[in-house]
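What follows is a single structure, written as structure tokens, with notes after it.
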Amino acid sequence: MGYPMQGSTNHPQKEESVGHFDMEVLVGYILLAGVLISVASLAIGLIWHWARWGNLRFEYSIVGMNFFEFLLTILGQMASAVMRPRFFLNMGIGILMLTPFVRVLASVFYFAFVERNWRYTLFTGFVLTVLTYSLFLR
């Protein structure tokens, strides 16, 4: 009975190219960065508000506003150059809401331009369309 020589394999090894693009890693980084930036922004806003007022209660409502109107209020706060705790809370909420949108957008580009898989591009494009539409809802 013969044994295989050391270093030889019965199964061909799958070689990964050095320049191979890994979409799963990119998606992981997008989700991780979105959540971490959002949490940091929310923490800054809450700590600042607590240090200033002694409580964590915010009294404002975003009812009746769609996401893009909400973003316009954030941009208006940025343009006023007056930084307040509410700005950081709004930024944290906005970034957290945009994170899955950016993830799906990156997937559409990946399937269309890297994989050239038109079926997945179409399905992911549909998901992107639904997400975009939902951001316009009140």
Checklist entry - Failed condition for I95, given (1) of a type in the set (A, V, I, L, M); (2) buried (at least 17 other Cβ atoms within 10 Å of the Cβ); (3) touching a Phe, Trp or Tyr at 6+ places or on another chain (Cβ under 8 Å), with all others met? => result (3)
Checklist entry - Mind checking whether some residue in segment 108-129 is in contact with a Phe, Trp or Tyr (Cβ under 9 Å, 6 or more places away or on another chain) and assigned to a loop (DSSP other than H, G, I, E, B)? => result yes
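State whether the residues of segment 11-34 include one that is touching a Leu at 6+ places or on another chain (Cβ under 6 Å), more than 25 Å from L137 (Cα to Cα) and either part of a helix (DSSP H, G or I) or at pLDDT below 95 (or both).
Within segment 11-34, not a single residue is touching a Leu at 6+ places or on another chain (Cβ under 6 Å), more than 25 Å from L137 (Cα to Cα) and either part of a helix (DSSP H, G or I) or at pLDDT below 95 (or both).
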Item to check | Candidate set from segment 101-128 (those that are buried (at least 16 other Cβ atoms within 10 Å of the Cβ) and among the hydroxyl-bearing types (S, T, Y)); member that is farthest from the chain's Cα centre (by Cα) | outcome: T121
Item to check | Any hit, segment 45-60, residues being in contact (Cβ under 8 Å) with a residue 60 or more places away in the chain, surrounded by 11 or more Cβ atoms within 10 Å (Cβ to Cβ) and among the aliphatic types (A, V, I, L, M) | outcome: no
Item to check | Unique residue being within 20 Å of the chain's Cα centre (by Cα) and more than 22 Å from I30 (Cα to Cα) when the list is L137, L89, L98, L131 | outcome: L137
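The values are calculated or read from the model by the stated rules, or taken from the named source; none is laboratory data. Note that this is a predicted model, so its numbers are computed, not measured. Glycine gets a Cβ as well: all are built from the backbone with ideal geometry, and neighbour counts include every protein chain shown.
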